[in-house]
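The values are calculated or read from the model by the stated rules, or taken from the named source; none is laboratory data. Bear in mind that the values here come from a model prediction, so they are computed numbers and not experimental data. Virtual Cβ from ideal backbone geometry, glycine too; neighbours counted across all protein chains shown. Remember, those area values only see protein heavy atoms, side chains included, never the ligands or the DNA or RNA. Shrake-Rupley method; radii C 1.70, N 1.55, O 1.52, S 1.80 Å.
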Protein chains: 2
Amino acid sequence: MKKIQIILFLFIGVACIAQEHPSLTLTSAGVELIRSELGTIPLFDQALDEARKEVDAEIDLGVIVPIPKDMAGGYTHQRHKRNFFILQKAGNLYQITQEEKYAKYVRESLMAYAKMYPTLPLHPTNKSYATGKIFWQCLNDANWLVYVSQAYDCVYNYLSEEERAHLEKDLFRPFAEFLSIGNPKFFNRIHNHSTWANAAVGMIGLVMDDPELIEWSLYGLTDDGIDANEIDNDGGYIKVKGIRKAGFLAQLDYSFAPEGYFTEGPYYLRYAIFPFLVFAKGLHNNKPELDILNYRDGILSKAVNGLLLQTDNQGRFFPLNDALKGMSIEAREIITAVNVMYTYKGEDPKLLSVAKTQNKVLLDETGFAVAKAIKEGKEEKCVQRSVLFGDGKDGTEGGVAVLRADETSLVMKYSAQGMGHGHFDKLSFSLYDDVGEVVQDYGSVRWVNVDQKGGGRYLPENKTFGKQTIGHNTIVVNEQSHYGGSVKRGEKHHPEFYAADISNKSIQMISAKDNNASPGAKLHRSLFLLKDPNFNNPIVIDIYKVISDNVNQYDLPLWFMGHLLSADFEYDRSTESLQTLGKENGYQHLWKEAEGQSKKDQFQITWIGNGKFYTMSSIVDPNDQLMFARLGANDPNFNLRSDPVFIHRKKEAKTATFVNIIESHGTYNRVSERPIDPFSSIDKVELLYDDHAYTLVEIKSKKGDSWKLAIANVDNRLNSKHELQLDNEKVSWKGVYKMFKN
Amino acid sequence: MKKIQIILFLFIGVACIAQEHPSLTLTSAGVELIRSELGTIPLFDQALDEARKEVDAEIDLGVIVPIPKDMAGGYTHQRHKRNFFILQKAGNLYQITQEEKYAKYVRESLMAYAKMYPTLPLHPTNKSYATGKIFWQCLNDANWLVYVSQAYDCVYNYLSEEERAHLEKDLFRPFAEFLSIGNPKFFNRIHNHSTWANAAVGMIGLVMDDPELIEWSLYGLTDDGIDANEIDNDGGYIKVKGIRKAGFLAQLDYSFAPEGYFTEGPYYLRYAIFPFLVFAKGLHNNKPELDILNYRDGILSKAVNGLLLQTDNQGRFFPLNDALKGMSIEAREIITAVNVMYTYKGEDPKLLSVAKTQNKVLLDETGFAVAKAIKEGKEEKCVQRSVLFGDGKDGTEGGVAVLRADETSLVMKYSAQGMGHGHFDKLSFSLYDDVGEVVQDYGSVRWVNVDQKGGGRYLPENKTFGKQTIGHNTIVVNEQSHYGGSVKRGEKHHPEFYAADISNKSIQMISAKDNNASPGAKLHRSLFLLKDPNFNNPIVIDIYKVISDNVNQYDLPLWFMGHLLSADFEYDRSTESLQTLGKENGYQHLWKEAEGQSKKDQFQITWIGNGKFYTMSSIVDPNDQLMFARLGANDPNFNLRSDPVFIHRKKEAKTATFVNIIESHGTYNRVSERPIDPFSSIDKVELLYDDHAYTLVEIKSKKGDSWKLAIANVDNRLNSKHELQLDNEKVSWKGVYKMFKN
């Protein structure tokens, strides 16, 4: 391996001699092609118009480079952030339009930065594990350099040799050194922060033709002297056990699972993928010998495809872990991903349909290629499908499953902890339909860039509620969060994939186990998605077993989205005062609104949301507590949404099996005021057999059909034969599960 | 007047002799025209296709006429409701397509009803002041007859004379008698229920050529023997003092204010207008001598235009009084209104743009005319404008104002009680932007047709919260609702219009007073909508004065829509338990979440909703209590939404002046995560002068501009001259108000 590094280094050295400009994310040849077809490719012309408008307005304002002072959301932060976006666009505009005003604006701005930079101390906020100079954290400084290196590349030949020498000496080289050898904890880590750092240093290295910077960026610093116990602001470990490498290629090796899953989840992958892609563009154009887009079996392409598969029907990412809701495939990072992958990796016509939804392209040759292909009608429909992702470098540390049927998407999360942004939500699920969330994952307690809410940072309730187990749709044992809420413990374990079947169109399943998250309790959840003419939409069947030698309390929350319409058991609602549901681990944030018990062995709750009727039908024991609660207690600054939750509690049990059926059965239109199928189609759910080895559930529909669903809980071999003797019949099957319809 | 009635009656007698079929809502000539252009008018062809599909499916199912049994939402209710819709369509399909299967289906259905009807007792539910036979209330029976009379008209000539005689003897005549002389309380009243009754009886009378039914329908029953104190299920009085007339023409005389406002508000007008329109079609076609569409200066046309003006930017009706949210111009009643008015009253091309939004037309000659005009590109854009509506027969009983600027709509309600569906919300307001509600009117506590929620009827919380004053954006004195929550008292009074100016593009205003709603307290509210380059959107200025000889508590709620982002005063949020805000008059439904006080003489609260930032800036006294509360207490069945409210309380005061500025200043996009203008543009609001005669408010923007807003509180003459001597300057103006910009 060492040998290869040296060889590559030599190549770099050679390649740099012949370097022309631009060559980073624009190339001379690309620019020629764009110029020759200007005015004929609508989506690209639109990008050009928009960039012109935006940059022209800034040129009118003049160069503004204030002394850094504010946190995210504050003025100097926003101004410098805007500057780097504008500079990158101005550079491209100069290349494409050849209008000098753009080059001039870039030069003046760079000069202003070069004047200020040598005078800057660390950013005065001093709130980050890696405080920046322009911004409160190095991460944003790296963002700046990724964008501005592109601007520099575009005006490189416009500047005089003296100007370049000045900029490189006073601004770019010190900037790059600050982000690398100046902040090894930030630079030399397997983490998205470091990817930005690597990309920033590498990109300016490519433009400056600086082999040292390029080497650091690709292979990391050889000796960083970081302590193994240091943590970042999000509580994540700087050093990951067993990982001794750093730099961009190591990020590619260790950041993604083999099928492209990113352990922090899609919201962060969307963010993290960007520096990968933008540096990959630069490497593709400058270091073809690296063949970066086929590195590790085309891992970047897999990551992009994985990202596109982790979206609901509206293109919004499933809000796993510390995710903000509403982030979607229309994000600028995904525009970049689609443009780059389409152009440099196979021209997949399905990507064009994503680009069409985005209705925006980059102002560079990849954006041009996409816009041109769309104009030529080359796109193909991008159909969402079920998918299983393994987590961890080898894909063996649990994972995430997305089961889809018609417009229903069921997401089960049995992935590893996900580092500092992970939630304590082992074996949780969330559910989506054509409109949006049916059973939600809360996401993170944060209002990104909104100054009024803690400067846009993670709010205290993210830790006290957002990450806690009760905030997710999974079992909480004795009101304790998984791994006692410790990231350190969480990172040592992960759930285990047990079985899956996503090939069957009428029934799909995913099953996983966890033996470590709740000490002394073994969790096993199997989720099925059944499509049958008895039901207007695919239904979810959830069989969730917990086994313990101790007597425990088991809570299974359902974060249903909408307004409760009815429950078929008696409950008492607190009418005169509300108390919290508990004291800690997220329970302190819940107001207990109502509690009841079912006299039957099955209960149903129906809610309405998104103009639809939904029902959960569940097996219940007469001793179980059935509770409704609402978020918002112990939230002094109104940081939490006021969302409802239903909690099924088994107070004293060693083992328990929860069985829930969730249906989307009807619709309600506020204009016609006509409810269509407002009632559940389920007549009966029953547990016919249940022990540690087997579970057999019977479901009867109101139309008179019935199903038996058998699952082997211990033996997950596909060829094993199983047999259960019931009172009147024998049930036998082969493999992990079998659905019998009568 | 008596003479005219007799003459009209003679005309009717004459006209009926020559009657042909169809002639009610379809005419022979119209059908000829439609047939000749079938397949060439897209929107009409679409209506035909949809009707075919729907009716063909029902024909396949066969005729289903169950014995009536269920409440609204239940099976027999829904089935009979579906039957009358389908029958009307089947009749039209028979006329348009000439396919016998449709006529046959209508005949079989009518025969089934004719067989059952004579055997029916009153509907077994017995829950209405006027219990029906097919449905739980006569109102639905009248709906049935309005639709089915059209079906009968369409198959009239297809049926044999014997069949007709049988249907008229066993079904239609007894049905019409039951709705009229059989239920005078239902039939002989000025109320939308009676309009349906009048229309039903009149329409079947027209088809049957039955002068007695037609006379009853137009002029009411001469002696109904109804007690003056009887009330209906909604608490409204059957007899209205001073009104001695009944029948359809009296409905037209007394139901609408001269400019078309309907005292129950737009949600009910949308509902109420339908029988007016459908019967008007029949009268237009059969009794041209009545000139029904020009009756009372074209009151129906004014009502339709008024309805279209009482909508937000998405075409949804302002949810005044007992309104369900989301009801919009796409409702079938508005499709009818637009089709009829366009065709029979002036072919206003602006109505075509509404029809285009509806994207649906009626399957009759009015729908055909609209569809054809749209095909021919005749539509003109329908631009919303500010408007003042007077309430009451003469338009003098208060009213409703809609101020609009750009995409902002400010609605002030100073109308009369609005009968049984009115709310105790004198001088309240609500605010809308391009997306939806900014400051909401809760509407009614009801889930129409949703069986799980009380069979779809008004829920108990509609009375205990929905109608109560604290549920609205207006002052509550001593925690008592207006008129002590008594409809009877409410109907005796109404607020008084004070002043308005909707002609000025930069500032509009509406001002009204109320001296009766809260005993001993005189309320005076003036709302302004200011458009100025200092602000991204028009801002609301609210000056709300209350004067009393007694020491009172004044609460001013703000039902803001969204999530609280920040408040610039210190408040304590209840973190461990919640209590109700009060014991009665709606306060028992509010959880008190937080309370604070301002140390300054001004406070601001900022919230986020609809992807926008909003701020209210208010003048405050250090003793004022500033509270946040949330709906949901004392709501045992989860009937209420969990909405937030802010309450500004002055605990012990004789007089008080609330001054609030509401801005929509910025936006937030979840994909770009970029807040634009997240902070208020208001620097300072100050009360420079305030006594019973004058109020002078100063507003300063952060950009450094300032405004003085002067208002005369007693003298509303437009020519009066006013002068105020301040410390350093004299302020003088002419008329009710003046805005000075510095």
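Open to solvent by less than 10 Å² (accessible area, probe 1.4 Å) and modelled with pLDDT of 95 or more: does that describe A:S566?
For A:S566, the condition - open to solvent by less than 10 Å² (accessible area, probe 1.4 Å) and modelled with pLDDT of 95 or more - is not met.
So, in region B:295-331, how many residues would count as being facing chain A (nearest Cβ under 10 Å), open to solvent by 10 Å² or more (accessible area, probe 1.4 Å) and without any contact (Cβ under 8 Å) to a residue 40 or more places away in the chain?
3
Condition (residue is within 14 Å of chain A (Cβ to nearest Cβ), within 30 Å of the chain's Cα centre (by Cα) and open to solvent by 40 Å² or more (accessible area, probe 1.4 Å)) applied to region B:516-526: is it met by at least one residue?
Checked region B:516-526: no residue is within 14 Å of chain A (Cβ to nearest Cβ), within 30 Å of the chain's Cα centre (by Cα) and open to solvent by 40 Å² or more (accessible area, probe 1.4 Å).
B:N639 passes all but one of (1) buried (at least 21 other Cβ atoms within 10 Å of the Cβ); (2) within 14 Å of chain A (Cβ to nearest Cβ); (3) in contact with a strand residue (DSSP E or B) (Cβ under 8 Å, 6 or more places away or on another chain); which number fails?
(3)
Give me the residue from region A:426-462 that is within 14 Å of chain B (Cβ to nearest Cβ) and among the polar types (S, T, N, Q) and, out of that set, most open to solvent (accessible area, probe 1.4 Å).
Top of the filtered list is A:Q452.
Could you grab me the full set of residues in region A:67-87 that are farther than 20 Å from B:R674 by Cα and surrounded by 15 or more Cβ atoms within 10 Å (Cβ to Cβ)?
If the condition is that a residue be farther than 20 Å from B:R674 by Cα and surrounded by 15 or more Cβ atoms within 10 Å (Cβ to Cβ), then no residue fits.
Suppose we filter A:S503, A:S574 for residues that are free of Cβ contacts under 8 Å to residues at least 24 places away in the same chain, polar (S, T, N, Q) and within 14 Å of another protein chain (Cβ to nearest Cβ); which single one remains?
Values: A:S503 fails: within 14 Å of another protein chain (Cβ to nearest Cβ).
After applying the criteria, what remains is A:S574.
From (1) on the phi < 0 side of the Ramachandran plot; (2) at pLDDT 95 or above; (3) not hydrophobic (A, V, I, L, M, F, W, C), pick out the condition that doesn't hold for A:Q384.
Status for A:Q384: all satisfied but (2).
How do the helices (runs of 4 or more DSSP H) wholly within region A:26-129 filter down when requiring 1 or more residues that are touching a residue at least 40 places away in the same chain (Cβ under 8 Å) and farther than 24 Å from A:G282 by Cα: which remain?
Working: elements: A:28-37, A:42-61, A:75-97, A:100-116.
Result: A:42-61, A:75-97, A:100-116.
So, in region B:333-386, exactly how many residues are open to solvent by less than 40 Å² (accessible area, probe 1.4 Å), in contact with a Leu (Cβ under 7 Å, 6 or more places away or on another chain) and not in a helix (DSSP H, G or I)?
Residues that pass the stated criteria total 4.
Out of everything in region B:608-636 that is within 14 Å of chain A (Cβ to nearest Cβ) and hydroxyl-bearing (S, T, Y), what residue ends up being surrounded by the most Cβ atoms within 10 Å (Cβ to Cβ)?
Only one residue tops the list, namely B:Y614.
Filter region B:161-175 down to the residues that are without any contact (Cβ under 8 Å) to a residue 24 or more places away in the chain and crowded, with 17+ Cβ neighbours inside 10 Å and list them by number.
Selection gives B:R164 alone.
Out of all the residues in region A:441-460, which are among the β-branched types (V, I, T) and within 14 Å of A:G471 (Cβ to Cβ)?
A:V445
Of the numbered conditions (1) touching a helix residue (DSSP H, G or I) at 6+ places or on another chain (Cβ under 6 Å); (2) part of a strand (DSSP E or B), A:M627 fails exactly one; give the number of that condition.
It fails just one condition, (1).
Out of A:D715, A:D691, which single residue is free of Cβ contacts under 8 Å to residues at least 24 places away in the same chain and under 34 Å from the mean Cα position of the chain (by Cα)?
Numbers: A:D691 fails: under 34 Å from the mean Cα position of the chain (by Cα).
One residue alone meets the criteria, A:D715.
Taking region A:539-563 as the search range and keeping residues that are more than 14 Å from chain B (Cβ to nearest Cβ), not in a strand (DSSP E or B) and not β-branched (V, I, T), which one is surrounded by the most Cβ atoms within 10 Å (Cβ to Cβ)?
In this case the residue turns out to be A:W559.
Kindly list the number of the only condition in (1) within 31 Å of the chain's Cα centre (by Cα); (2) surrounded by fewer than 22 Cβ atoms within 10 Å (Cβ to Cβ); (3) β-branched (V, I, T) that fails for B:I510.
It is condition (2) that B:I510 fails.
Within the bounds of region A:705-726, is there any residue that is within 30 Å of B:M327 (Cα to Cα), away from chain B (no Cβ under 14 Å), open to solvent by less than 60 Å² (accessible area, probe 1.4 Å) and not charged (D, E, K, R)?
The answer is no; no qualifying residue exists.
Which members of region B:283-319 meet the condition of being more than 13 Å from the chain's Cα centre (by Cα) and not in a helix (DSSP H, G or I)?
Those that are more than 13 Å from the chain's Cα centre (by Cα) and not in a helix (DSSP H, G or I): B:K287, B:D291, B:N313, B:Q314.
Applying the selection to region A:577-600, what residues are more than 13 Å from chain B (Cβ to nearest Cβ), touching a Leu at 6+ places or on another chain (Cβ under 9 Å) and open to solvent by 10 Å² or more (accessible area, probe 1.4 Å)?
The one that is more than 13 Å from chain B (Cβ to nearest Cβ), touching a Leu at 6+ places or on another chain (Cβ under 9 Å) and open to solvent by 10 Å² or more (accessible area, probe 1.4 Å): A:Q597.
Does A:Y614 meet the test of being more than 29 Å from the chain's Cα centre (by Cα) and among the aromatic types (F, W, Y)?
Judged against the criteria, A:Y614 is not a match.
Within region A:209-232, is there a residue that is under 16 Å from A:N140 (Cα atoms), modelled with pLDDT under 95 and either open to solvent by 50 Å² or more (accessible area, probe 1.4 Å) or in contact with a Cys (Cβ under 9 Å, 6 or more places away or on another chain) (or both)?
no
Given B:P288, B:P258, which one is modelled with pLDDT of 85 or more, within 21 Å of B:E397 (Cβ to Cβ), open to solvent by 20 Å² or more (accessible area, probe 1.4 Å) and out of contact with any helix residue (DSSP H, G or I) (no Cβ under 6 Å at 6 or more places or on another chain)?
B:P258
If A:F465 meets every condition in (1) more than 26 Å from A:R189 (Cβ to Cβ); (2) open to solvent by less than 20 Å² (accessible area, probe 1.4 Å); (3) out of contact with any helix residue (DSSP H, G or I) (no Cβ under 9 Å at 6 or more places or on another chain) apart from one, which number is that one?
(3)
Within region A:582-624, can you find the residues that are more than 29 Å from A:N536 (Cβ to Cβ) and assigned to a strand (DSSP E or B)?
A:L590, A:W591, A:K592, A:E593, A:E595, A:Q597, listed by residue number.
Pull up region A:657-672, narrow it to residues that are open to solvent by 10 Å² or more (accessible area, probe 1.4 Å) and out of contact with any Gly (no Cβ under 8 Å at 6 or more places or on another chain), then point me to the one that is farthest from the other protein chains (Cβ to nearest Cβ).
It comes out as A:T657.
Please work out which residue is surrounded by the fewest Cβ atoms within 10 Å (Cβ to Cβ), limiting yourself to region B:642-656 and to residues that are more than 12 Å from chain A (Cβ to nearest Cβ) and assigned to a loop (DSSP other than H, G, I, E, B).
Taking the candidates together, the pick is B:K654.
Taking the condition of being farther than 25 Å from B:F318 by Cβ, within 12 Å of chain B (Cβ to nearest Cβ) and touching a residue at least 60 places away in the same chain (Cβ under 8 Å), how many residues in region A:673-683 meet it?
4
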